[in-house]
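Heads up: the structure comes next, in structure tokens.
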Amino acid sequence: MDINQTIANYSKQPITRQLLKSWLKDYKRPNDKISALKSECLLTSVKRGIYIAGLKSYGGRPENPLLANHLHGPSYLSTDSALSFHGIIPERVYSVTSMTIKASRDFDTPIGLFTYIHLPLPYYAFGINMVRLTSEQYAMIASPEKAICDKIVNTSGLILRSISGAGNYLLDNLRMDEEVLKALNVQMIKEWLPDAPKKESLNFVIKLIESL
């Protein structure tokens with residue numbers, strides 16, 4: 001097996017250490033070979049046990065939502081990262097934020113900061129879609145409705161106490177477009193409400209959208 005070519009063939013997918021060792025099963029010292037591949041920039045370690053193809057075997061790399069799903073799972077892309085992905089907020093997002101049922105934590109990697117925020121079940125499981133990123137890549141990403149709810153739920157100190165307060169936050173602060181909000185499925189949010197944190201704040205979001 002040509003290990004360099006194999007890595008290049010997998011350049012658009014995260015590569016686990018287990019998979020890498022299966023490719024290196026004929027090597028007496030597979031760990032030494034992995035270290036050599038990293039030194040030669042043919043392999044990049046993103047976190048312990050997860051790699052991507054290095055610059056010298058570059059044929060692209062996993063999109064951030066896909067990589068985020070693999071770094072700490074189960075998880076799905078949400079809040080600002082998902083809002084930006086869906087084109088709901090205009091700002092470019094520099095860190096990659098996901099929700100998880102595991103403990104909250106950050107991974108400062110060679111390709112950027114990946115942040116994970118704990119959410120309780122069953123609320124965590126609502127509004128997650130498998131989204132096609134490219135012809136070869138798919139990732140779990142919050143629906144627009146869930147991304148907005150997650151943003152409100154996880155913004156420290158944010159309590160929406162009126163319809164106008166919800167409007168100020170979504171339309172003025174986050175600069176969301178009214179037409180985008182009007183297209184959201186409020187019935188879906190209503191179904192999540194009994195199990196959601198910050199129920200009152202989310203209820204004012206529903207009322208705002210219904211008033212547009």
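The values are calculated or read from the model by the stated rules, or taken from the named source; none is laboratory data. Just so it is clear, the model here is predicted, and its values are computed rather than measured. Don't worry about glycine lacking a Cβ; one is built from the backbone with ideal geometry, like all the others, and counts go over all protein chains shown.
With respect to the numbered conditions (1) in contact with a strand residue (DSSP E or B) (Cβ under 7 Å, 6 or more places away or on another chain); (2) at pLDDT 95 or above, which one is the sole condition not fulfilled by residue 110?
That leaves (2) as the condition not met.
With respect to residue 77, determine if the residue is touching a strand residue (DSSP E or B) at 6+ places or on another chain (Cβ under 6 Å), surrounded by 16 or more Cβ atoms within 10 Å (Cβ to Cβ), more than 30 Å from residue 187 (Cα to Cα) and in contact (Cβ under 8 Å) with a residue 24 or more places away in the chain.
So residue 77 does not fit the description; no.
In segment 147-172, which residue that is assigned to a helix (DSSP H, G or I) and of a type in the set (D, E, K, R) is farthest from residue 90 (Cα to Cα)?
Residue satisfying both the conditions and the ranking: 150.
For (1) crowded, with 21+ Cβ neighbours inside 10 Å; (2) within 21 Å of residue 149 (Cβ to Cβ), each residue gets a yes or a no:
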| site | (1), (2) |
| --- | --- |
| 36 | no, no |
| 47 | no, no |
| 52 | yes, no |
| 56 | no, no |
| 63 | no, no |
| 84 | no, yes |
| 106 | no, no |
| 117 | no, yes |
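Suppose we keep only residues that are hydroxyl-bearing (Ser, Thr, Tyr) and within 21 Å of the chain's Cα centre (by Cα) within segment 131-184. Which one would you say is farthest from residue 199 (Cα to Cα)?
135
Out of 123, 116, I need the residue that is among the aromatic types (Phe, Trp, Tyr) and closer than 30 Å to residue 43 by Cβ. Which one?
Step by step, each of 123, 116 is checked, and only 116 is among the aromatic types (Phe, Trp, Tyr) and closer than 30 Å to residue 43 by Cβ.
Can you find, within segment 1-42, the residue that is nearest to residue 70 (Cα to Cα) among those that are within 30 Å of the chain's Cα centre (by Cα) and assigned to a loop (DSSP other than H, G, I, E, B)?
Selected residue: 14.
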